[in-house]
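The values are calculated or read from the model by the stated rules, or taken from the named source; none is laboratory data. What you see is a predicted model; the values in this text were computed from it and never measured. So basically every Cβ, Gly included, is an ideal-geometry build from the backbone, and we count neighbours across all protein chains shown. Quick note on the areas: whole protein, heavy atoms, side chains included, nothing else; ligands and nucleic acids left out. Shrake-Rupley method; radii C 1.70, N 1.55, O 1.52, S 1.80 Å.
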Amino acid sequence: MFYIYCPHCEEHREEEEFHAAGEAHIPRPLDPENCSDKEWGEYMFFRTNPRGIHHELWVHSVGCRKFFNMTRDTQNYEILEVYKIGEKPSITSAAAKLPAQSKVQEGV
Ligand SMILES: [Zn+2]
């Protein structure tokens, strides 16, 4: 058992209250009706699977039911930081692809 800090509730809660919802910062095509099948397919199905720093989307499903992001080290499962949707992580790696703020709309 370990605890995860929820940035909305502002307290540590048991891990069983949370669910991972996949990779964070996936840029949604701005005009889905007019993007190519390749662009839409990449948005829907292709994800990175890095060894090391990884930004993930989590939801406090049994608590406040709000989504937030987590930076985690996939090599040792250490949670490095949590931050709200729309905020930028303070920890990044060269492999992590973060979208430019002005060109994308974060999904959720
Ligand atoms: Zn919460």
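Entry remark, the range 17-46: residues being of a type in the set (D, E, K, R) and loosely packed, with under 11 Cβ neighbours inside 10 Å number 4 in total.
Quick check on the range 50-73. Is at least one of its residues in contact with a Ser or Thr (Cβ under 9 Å, 6 or more places away or on another chain) and polar (S, T, N, Q)? Break it down into steps so the answer makes sense when it comes.
Residues of the range 50-73 that are in contact with a Ser or Thr (Cβ under 9 Å, 6 or more places away or on another chain), as a first pass: 50-56, 71.
Applying the additional criterion that residues be polar (S, T, N, Q) yields 71.
Yes: the range 50-73 contains one or more residues that are in contact with a Ser or Thr (Cβ under 9 Å, 6 or more places away or on another chain) and polar (S, T, N, Q).
Scanning the range 50-62 for residues that are outside any loop (DSSP other than H, G, I, E, B) and either more than 23 Å from Ser93 (Cβ to Cβ) or open to solvent by 30 Å² or more (accessible area, probe 1.4 Å) (or both) turns up Ile53, Trp58, Val59. Going through (1) charged (D, E, K, R); (2) free of Cβ contacts under 8 Å to residues at least 24 places away in the same chain; (3) surrounded by 11 or more Cβ atoms within 10 Å (Cβ to Cβ) one by one, Arg65 falls short only on (3). Inside the range 76-108, can you point out the residues that are exposed (fewer than 13 other Cβ atoms within 10 Å of the Cβ), at pLDDT 85 or above and part of a loop (DSSP other than H, G, I, E, B)? Listed by number, the residues that qualify are Asn76, Tyr77, Glu78, Gly86, Glu87, Lys88, Ser90.
What single numbered condition from (1) within 16 Å of the ligand (Cβ to nearest atom); (2) not in a strand (DSSP E or B) fails to hold for Lys38? Against the list (1) within 16 Å of the ligand (Cβ to nearest atom); (2) not in a strand (DSSP E or B), Lys38 comes up short only on (1). Being farther than 18 Å from Ser93 by Cα and assigned to a loop (DSSP other than H, G, I, E, B) narrows it down to one residue among Arg47, Arg65; which is it? Among Arg47, Arg65, only Arg65 is farther than 18 Å from Ser93 by Cα and assigned to a loop (DSSP other than H, G, I, E, B).
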